[in-house]
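Written below as structure tokens is the structure these notes are about.
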Amino acid sequence: GIGLKVIGARPGFMRWGMGTSLMIKKRVAVIGGGFAGCEVAMSIMKGRQVTVIEEADKLGNGIGIIDRKPELNILEQGGVRLMPATKLLEVTSRGVRVRNTGTGAEELVEVDTVILALGVETNDSLFRSLSSRTKDVQLIGDATTPPGKVKRTLEAISEGYRAAMSV
């Protein structure tokens, strides 16, 4: 996805790419079981063997309290293997080697594709560049929150809508 974004591919093409086996093969490990990891797993689980590996004891960090359990149920019913309390040790040519942090048991999960979904990071460089030239720009979404905090998609969309309507 990042490579396609770099070359300027349109979102429709990127969605198509995620739905094919060109970039994401049949056996997938999603490293990170928070909001981003669960969303990735949900979007690619059809027709694939997906494993979500999360170091924390609970999956779905960052998903709202009402949506968390139903979303995890959808993943489980879709055949996604959920591995909370599991630390990634190594990525090999055969898959990912992991350790259960509770039992200490190690396992090689055989996969063809590894996707890192380890959270979000603010990138406000475009805003800073534009705001040095004009005052007609607004910073919205996660970029306005303290480090380590994220906003829900609905909040970011709402901020974007309000910013657009103020123009």
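The values are calculated or read from the model by the stated rules, or taken from the named source; none is laboratory data. Every value quoted in this text rests on a predicted model; they were computed, and no experiment measured them. Every residue, glycine as well, gets a Cβ built from its backbone with ideal geometry; the counts of neighbours run over all protein chains shown. Accessible surface is based on the protein model in full, side chains and every heavy atom, while ligands, DNA and RNA are left aside. Shrake-Rupley method; radii C 1.70, N 1.55, O 1.52, S 1.80 Å.
Points to keep in mind about this one:
- Set K87/K151; K26/K58; K25/K58; K58/K151; K58/K87 screened for pairs whose C-alpha atoms are more than 24 Å apart: K87/K151; K26/K58; K25/K58
- Packing-based ranking, highest mean first, of 38-46, 122-130, 66-74 given that Cβ atoms within 10 Å are counted: 38-46, 66-74, 122-130
- Accessible surface of the range 53-167, 1.4 Å probe, proportion on carbon and sulfur as whole %: 53 percent
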